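The block underneath contains the structure these notes are about, expressed in structure tokens.
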Amino acid sequence: MKKRISREELLAHEDLNTWPQVDKTFLSEKEREHFSKREAVIFAYFESKPIKEIIASHGYSKQGIYKMLKRCLATHKDGRKWGFRALIPHIHQVEYLRTAPIRPDHAGKGTAGALSRLLDRNTDIREEIESYLFKQKTENNSVHESRIRYGTIHTHFIKACRAKGIKGDEYPFNTKFMGYRGFHKFLKALEDTKYMETAKARYGKDAYKGLKIGGPEEPLNPADRPYMRVEFDGHNIDIVCTVQILNPFGGYTEVTIDRIWLLLIRDTFSTAVIGYHFSFGREYNQSDVHECFKKALRPWQRRELTVPGLKYPGNAGFPSEKFKELEWATFQEFLYDNAKANISDESTRILVDITGCHVNAGPVAFPQRRALVERFFGLLEENGFHRLPSTKGSNPNDVRRQNPEKQALKYKITSEHIEDLVEILIAEYNGTRSLTTNRSPLERLEYFLNTKPVISKIHENKRDLSMLNRRFVRTVSGNMKKGRRPHITIQNVDYTSDILARSPALIGEKLSIYIDPKDPRYGTAYFSDGTELGVLTAKGIWGRTPHTLEMRQQINREAPAGRLRDNLEKPEIVSDYIKGLSEKSGKSKKAKSDLVRIQKTSKEVEAEYIKNCLKHNTQAEETEPEKIEPEVFNVKALIYY
């Protein structure tokens, strides 16, 4: 015997205000009258009126009252209770299940529930239909037609029915159109029920990704304070500019480049851009991502603008430049694209260990997760780069695209001009008021900072950001019997120090060393227990000649092929590599991009070196090694132009 519903339990746990409601204006007058009577019974029951009084007042039997209660408490297919929806006249809570024989009349009527009955008895036919509709894999791994038509699926359905031995006087063969109309309604209802699978299989990945926004697959709590969540992404700028590259016969040659990447980090709460980085090349890499991290964490310093007349607006700037509270500030959550350059273990380690934030890597090619930063790139293009004569436009057919290479050379639009323009555009954006909030991103930050919030910052001992460099874990090599002092090897280059060289007991021990990809001549080493060993310097020419890890990797790849000298210790190896790029730059876009990256990175290293010298009140000439081969000076002249 079923247990009767306890009124005490219902009154203790049920709240009629939480039940789904009904808009009675859509009901007919007769339906509205029936619904109101049933609704009054439910209200009377929850007001603790005696059952006999409810029966006498409303004319329903005791069994009828409990039946209405059970219908209201049943679970709807949307996951909630039926609530007052169950009181609507003629509404069905359970799908119709046909039991009577199927005998359609001359008009084709009398087949209600026939298809559901057939599929319930033949589940393999149902599975075959779904495999065609949703492009699911089958046992024979057959390839399904893209966005298959309903009529084609119906043809497969009829073939499956014949294969099951269904007779000609049975459904669907005993109907005029062999059940096509009901079959069409069934497929449409199936699509509505499994809408995510439908979008993915029939309407493309963009529709599928769009439906995931705000759904249970992609939940995101709203950012309610600055630096709670920041968004990162990289964007290829639609512009062509000029740059001077080394001429193998002497001097420089002005050429055009069209591969400039802008990497950017933006605060979700205030929408302020807190840091950015330029990358010149076909693609940005892990080192570029790390440089963007550094620039977002360090207090921002304004550029020395090269464009005459260009200056910062009075209200423009960057958060860490305007507010001392945000100098060296860290963020709690870092949202970025699940791209190869970003998701490396090295990047994750940096974000977690150094900043202490949580990494939230979104799906690959899913810009909707970073809508703010993606929208900002669009504004930057339309309000900045697309207005220049050397723009590439938004696509090859854009009317604004008027031979951008020729325009860049004609108007002398250099890479430095583009960097100046981006600096001013971003700084001006940070100080421009929004039409919706009537506050600029910087004003939003100022308003919040006036409440004296607690802002997490990088500890003073870590502000050199050396831990943001590339990390290598190596085992100390050496052989005292053969006269080989202790050292470690990174990309075919040995590193050592006075301490390590005279510590044979460290042979076989593991060390971690942090190396700046822009200047890998030295790095800071640590023991496996975390204690610091000290600075290790690259041996030979690699410890004296300015270069990058990217250059060294390329030289290592080309040396065995005979395109460069086999002896990597010869001082002219870097010079030969740069000269080779210069010779190929006129024919190869890759060589031209590599050469531009070398020159740009070298200028940054030189500027950082001079800045450090000025900071410590020393002169650059005093820190240069005393004995340097003449070739090193030639290389330096090639790199620093």
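The values are calculated or read from the model by the stated rules, or taken from the named source; none is laboratory data. Just so it is clear, the model here is predicted, and its values are computed rather than measured. Here Cβ is always computed from backbone atoms with ideal geometry, including for glycine, and neighbour counts include all displayed protein chains. Calculation scope for accessible area: heavy atoms of the full protein, side chains included, ligands and nucleic acids excluded. Shrake-Rupley method; radii C 1.70, N 1.55, O 1.52, S 1.80 Å.
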Worksheet item: All but one of (1) touching a residue at least 40 places away in the same chain (Cβ under 8 Å); (2) not in a helix (DSSP H, G or I) hold for Lys49; which doesn't?
Response: (1)
Discussion item. Closer than 19 Å to Gln93 by Cβ and not in a helix (DSSP H, G or I): which single residue out of Tyr66, Tyr60 fits that description?
Written reply: Tyr60
Worksheet entry | Qualifying positions in segment 167-191 - under 17 Å from Thr155 (Cβ atoms) and of a type in the set (S, T, N, Q) | Thr175
Worksheet item: Lys185: at pLDDT below 70, open to solvent by 90 Å² or more (accessible area, probe 1.4 Å), among the charged types (D, E, K, R) and out of contact with any helix residue (DSSP H, G or I) (no Cβ under 6 Å at 6 or more places or on another chain), yes or no?
Response: no
Worksheet item: Hey, among the residues in segment 424-443 that are open to solvent by 70 Å² or more (accessible area, probe 1.4 Å) and of a type outside the set (Ser, Thr, Tyr), which one's farthest from the chain's Cα centre (by Cα)?
Response: Asn438
Practice prompt. Among residues belonging to segment 188-216 that are in a loop (DSSP other than H, G, I, E, B) and surrounded by 12 or more Cβ atoms within 10 Å (Cβ to Cβ), point out the one that is modelled with the lowest pLDDT.
Written response: Gly204
Worksheet item: If you scan segment 81-91, which residues turn out to be in a helix (DSSP H, G or I) and either of a type in the set (A, V, I, L, M, F, W, C) or open to solvent by 60 Å² or more (accessible area, probe 1.4 Å) (or both)?
Response: Phe84, Ala86, Leu87
Worksheet item: How many of the residues in segment 267-319 are surrounded by fewer than 23 Cβ atoms within 10 Å (Cβ to Cβ), over 21 Å from Glu428 (Cβ atoms) and of a type in the set (S, T, N, Q)?
Response: 3
Worksheet item: Regarding Tyr495, is this residue aromatic (Phe, Trp, Tyr), open to solvent by 30 Å² or more (accessible area, probe 1.4 Å) and either touching a strand residue (DSSP E or B) at 6+ places or on another chain (Cβ under 8 Å) or within 26 Å of Lys294 (Cα to Cα) (or both)?
Response: no
Discussion item. Checking the structure you have, find out if any residue of segment 450-473 is farther than 23 Å from Thr355 by Cα and in contact with a strand residue (DSSP E or B) (Cβ under 9 Å, 6 or more places away or on another chain).
Written reply: no
Worksheet item: Can we say Glu419 is among the acidic types (Asp, Glu) and either surrounded by fewer than 17 Cβ atoms within 10 Å (Cβ to Cβ) or under 13 Å from Phe323 (Cβ atoms) (or both)?
Response: no
Worksheet item: Conditions: (1) crowded, with 17+ Cβ neighbours inside 10 Å; (2) modelled with pLDDT of 80 or more; (3) assigned to a helix (DSSP H, G or I). Glu446 meets all but one. Number of the miss?
Response: (1)
Worksheet item: Taking segment 449-463 only, how many residues are surrounded by 13 or more Cβ atoms within 10 Å (Cβ to Cβ), part of a helix (DSSP H, G or I) and not hydrophobic (A, V, I, L, M, F, W, C)?
Response: 1
Discussion item. At pLDDT below 70 and among the polar types (S, T, N, Q): is that true of Asn285 in this structure?
Written reply: no
Fill in: Residue match in segment 471-478 (condition: surrounded by 12 or more Cβ atoms within 10 Å (Cβ to Cβ), free of Cβ contacts under 8 Å to residues at least 24 places away in the same chain and either more than 28 Å from Asn236 (Cα to Cα) or of a type outside the set (Ser, Thr, Tyr) (or both))
no
Fill in: Count of segment 44-80 residues which are open to solvent by 80 Å² or more (accessible area, probe 1.4 Å) and under 54 Å from the mean Cα position of the chain (by Cα)
6
